[in-house]
Amino acid sequence: MPEIPEELLRRSAEAKAKALGLPVEQILAEMRGEAPVTEVPAESVDVPRPTFVPSPPPPSVPEIPPEPQPPDPASAPPPAITAVAETPPAAVKEPAPAAEEPAPAAPEAPDNGAGNGRLAATVSVRPSVPPAGVPEGVRHQRLLTVVKARAIQQVKADPTDKVNTWPHLMIAEFTALLAMTAFLLVLSTILQAPLLEAANFNATPNPSKAPWYFLGLQEMLSYFDPQIAGVTVPTVIGIVGFMMIPYIDRNPSTRPSDRKLAIMLFTIFLAGSATLTILGVLFRGPGFNFAYPWVDGVFFDDLKDWVDFGGH
Amino acid sequence: MSTRNGIHGLLAKARTHATDMVGRMWSGQFMDSMLRPGSPFKKGYTDTPRNRSYVIMNNVLYHLHPVKVKRHGVKLSYTLCLGGLSFFLFILLTVTGIFLMFYYAPTAERAYIDVQALSTDIAFGSLMRNMHRWGAHLMVLTVFLHMSRVFYHGAYKPPREFNWVVGVILLLLTLLLSFTGYLLPWDQLALWAVTVGTNMAGFVPVIGAQVKFALLGGVEVTAGTLLRWYVLHVLFLPFIIVIFLAVHFWRVRKDGGISGPL
């Protein structure tokens, strides 16, 4: 038999003791296998006392003093039931039907085999073999254990210092939103978006540059074989690699001092992409050859209206 | 009111009724039904903790924000509002983009002329186009900076790993949205920047040629590419990005709100 935790066993025993009207210690002993099992039909609990009391008590009852009963805070068993419960083990050891035989006179006497239609309410301690006469489909109930009701979701929220979203966060967000709108309005009033001549398939501008966020890649293309710079680097490192970051970096700490390597690598990435982009934007002239913006001018049409470099 | 017969009496009655109805609508039932309990725009709003909670709880913003947030997350220096600003730029770009759609036809004959007209003829056309263009560049920047901020805070660590993945997808979609929009003015800058950009996609080892063909709708940029990228730009990619945005925002809350202080 597997080891049942003491706490569970105790709780189960208390419940069973309450249901049967027996002392907890006895049930506990039975459950541990230290004492023989008492066969008590549950009906005895519900039986109206007047009808049950007249039944002849077993001769052993007077010999058992009430003292050995441990204090049961849940329910003090009624005397009639105690009589049944405190039957000496020797008498109980016998099969249940035999034990019940002496009391056929009592109309409400426990009678498992009679099939009196109240079997559904029966709490039998050992119902492994259904007694004869039980209708098909009617089963004995057995109390296995009592499980305390718990919430489906266990909420374990640590107390944190919180403030109301309104107004504390909303005002900050709204201010940022207004500032961004103002900034964009001013920017759009001052700076005209570039519009060159109409598209012409026969006139390739020199140099031809990608949008600025791809210029770092284009810059790398001028150093490496396209198979490496145009494909492997951006897709593997750029996409898959970036998505994999949380699964590669197993360090649970978020403190900067604990993650020097991660911060260093990311900073190298940032600095590298910024350098490549700036090189591509400002330092590349005709033929995508190296050029000094202060000598040859800026070859970047997105910036055409920003500053007049007068280069080209 | 004295009872008068004829048309004047009827008119007076109608006016009284109308005034009553309008008054009722704005002071009573209509505003009551429009504003949920606790709204600061509602009559009788007082600054109490209960009402502060109601403002969020009974508001569509409850989809985005919980009633309470960690105090350190409210500090501007923690997030620099970069995620919020990226989303706001997305909204601005949607608004200005819809304006531009009224005056733009994605055909090789019309596209360039339309953009020219937007820059010169149409009221607020220039402003809208400029805001759309600079806003798009700005959004690429804010999304990228947002990602950097999240990295430096280690905010991608459990339980927020998957939201980082969603974020990388959002960055990719932002780049794609910007890149597809780049072609639409149909000028030399657009044509050749896109040619260079898609040539880079053509370098993909096994499927490169196919990817490039699918992107361009041909072996090189054509009028068909313009229509294709227009549809991607105004319909397909915004649709996809909104789905991912919804997941992203939802996960921010489900993963325990903003990441803890360092």
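The values are calculated or read from the model by the stated rules, or taken from the named source; none is laboratory data. The structure displayed is predicted, hence computed values, not measured ones. Note that each Cβ is placed from the backbone with ideal geometry, even for glycine, and that neighbours are counted across all protein chains shown. Calculation scope for accessible area: heavy atoms of the full protein, side chains included, ligands and nucleic acids excluded. Shrake-Rupley method; radii C 1.70, N 1.55, O 1.52, S 1.80 Å.
Some values worked out for this structure:
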item: B:TYR156 surrounded by 23 or more Cβ atoms within 10 Å (Cβ to Cβ), over 20 Å from A:ALA199 (Cα atoms) and either within 9 Å of chain A (Cβ to nearest Cβ) or acidic (Asp, Glu) (or both); result: yes
item: One residue from A:PRO246, A:PRO226, A:PRO252 being at the interface with chain B (Cβ under 7 Å from one of its Cβ atoms), open to solvent by 80 Å² or more (accessible area, probe 1.4 Å) and not aliphatic (A, V, I, L, M); result: A:PRO252
item: Condition check for B:VAL168: assigned to a helix (DSSP H, G or I), open to solvent by less than 20 Å² (accessible area, probe 1.4 Å), within 10 Å of chain A (Cβ to nearest Cβ) and under 24 Å from B:ILE243 (Cβ atoms); result: yes
item: Residue within the range B:111-129 that is surrounded by 17 or more Cβ atoms within 10 Å (Cβ to Cβ) and at positive phi present; result: no
item: Those residues of the range B:190-207 which are open to solvent by less than 20 Å² (accessible area, probe 1.4 Å) and facing another protein chain (nearest Cβ under 7 Å), in sequence order; result: B:ALA190, B:LEU191, B:ALA193, B:GLY197, B:MET200
item: Residue in the range B:92-109 that is facing chain A (nearest Cβ under 7 Å) and either open to solvent by less than 20 Å² (accessible area, probe 1.4 Å) or within 30 Å of A:SER253 (Cα to Cα) (or both) present; result: no
item: Condition check for B:VAL221: open to solvent by less than 50 Å² (accessible area, probe 1.4 Å) and under 18 Å from the mean Cα position of the chain (by Cα); result: no
item: Unique residue being at pLDDT 85 or above and either at positive phi or of a type in the set (Phe, Trp, Tyr) (or both) when the list is B:TYR45, B:TYR62; result: B:TYR62
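Residues are listed down the side, and each one gets a yes or a no for (1) open to solvent by less than 60 Å² (accessible area, probe 1.4 Å); (2) out of contact with any helix residue (DSSP H, G or I) (no Cβ under 7 Å at 6 or more places or on another chain); (3) not aliphatic (A, V, I, L, M):
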{"site": "A:HIS168", "(1), (2), (3)": "no, no, yes"}
{"site": "A:ILE171", "(1), (2), (3)": "no, yes, no"}
{"site": "A:THR175", "(1), (2), (3)": "no, yes, yes"}
{"site": "A:LEU178", "(1), (2), (3)": "no, yes, no"}
{"site": "A:ALA182", "(1), (2), (3)": "yes, yes, no"}
{"site": "A:VAL186", "(1), (2), (3)": "no, yes, no"}
{"site": "A:ALA199", "(1), (2), (3)": "yes, no, no"}
{"site": "A:ASN206", "(1), (2), (3)": "no, no, yes"}
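Quick grid of which residues meet (1) within 28 Å of B:LEU245 (Cα to Cα); (2) touching a residue at least 60 places away in the same chain (Cβ under 8 Å); (3) open to solvent by less than 80 Å² (accessible area, probe 1.4 Å); (4) at the interface with chain A (Cβ under 8 Å from one of its Cβ atoms):
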position: B:SER33; (1), (2), (3), (4): no, no, no, no
position: B:PHE41; (1), (2), (3), (4): no, no, no, no
position: B:GLY44; (1), (2), (3), (4): no, no, yes, no
position: B:ASP47; (1), (2), (3), (4): no, no, no, no
position: B:TYR54; (1), (2), (3), (4): yes, no, yes, no
position: B:ASN58; (1), (2), (3), (4): yes, no, yes, no
position: B:LYS70; (1), (2), (3), (4): yes, yes, yes, yes
position: B:GLY73; (1), (2), (3), (4): yes, yes, yes, yes
position: B:LEU76; (1), (2), (3), (4): yes, no, no, yes
